[in-house]
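*Asks:* Have a look at the structure that comes next, please.
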């Protein structure tokens, strides 16, 4: 499983798109549908097929391939983005972000959702934030919280969660009211003061 897919990626990187597409067909045909990872492998194969077809200028075929990936794995982040990007003259970042919002709440989709968000962020030239989001998804801090410092304001620090897209302003005052401290902790997903 995956060898034809990997070979297709290498072929595509060296410019042999037609052979890469044939290799992806071999991948889908060779998979045992009862294997635990078969669905994801098939969906990923369809996604790469769509990306390569789009590169060749075959938009309708690319969209059809992305949709096949979505039939196999509903909510496949990269196929969602591919469908949106290939399906319109103007890439609608807002539309893709809204679709990804629903995925971020599903258990087990944190990394693929972060990758999807990274693609969207890269399209609008937020490359550093895109990279940070992927890093946070695969290597959260010791509490499991992927929050990173976005910027320092005059009296607040702005923290962002690149995985979920949430932003939280944290005041830099010597004293913060308990109600505000509890609200910030809840929003950040960390234990509230005094709780154990």
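The values are calculated or read from the model by the stated rules, or taken from the named source; none is laboratory data. Given the structure is predicted, the values throughout are model-derived calculations rather than measurements. Cβ sites come from the backbone with ideal geometry, for glycine too, and all protein chains shown count toward neighbours.
*Asks:* Going through the stretch 25-44 one residue at a time, which ones are at pLDDT below 95, within 19 Å of residue 70 (Cα to Cα) and not in a loop (DSSP other than H, G, I, E, B)?
*Replies:* The answer is 27, 28, 29, 38, 39, 40, 41, 42, 43, 44.
*Asks:* Out of the residues in the stretch 144-159 meeting the condition of being in contact with a helix residue (DSSP H, G or I) (Cβ under 9 Å, 6 or more places away or on another chain) and assigned to a loop (DSSP other than H, G, I, E, B), tell me which one is modelled with the lowest pLDDT.
*Replies:* 145
*Asks:* Condition first: over 23 Å from residue 125 (Cβ atoms), modelled with pLDDT under 80 and in contact with a helix residue (DSSP H, G or I) (Cβ under 6 Å, 6 or more places away or on another chain). Now tell me which residues in the stretch 54-102 satisfy that.
*Replies:* 75
*Asks:* Among the listed residues 87, 50, 82, 15, which satisfies the condition of being at positive phi and without any contact (Cβ under 8 Å) to a residue 40 or more places away in the chain?
*Replies:* 15
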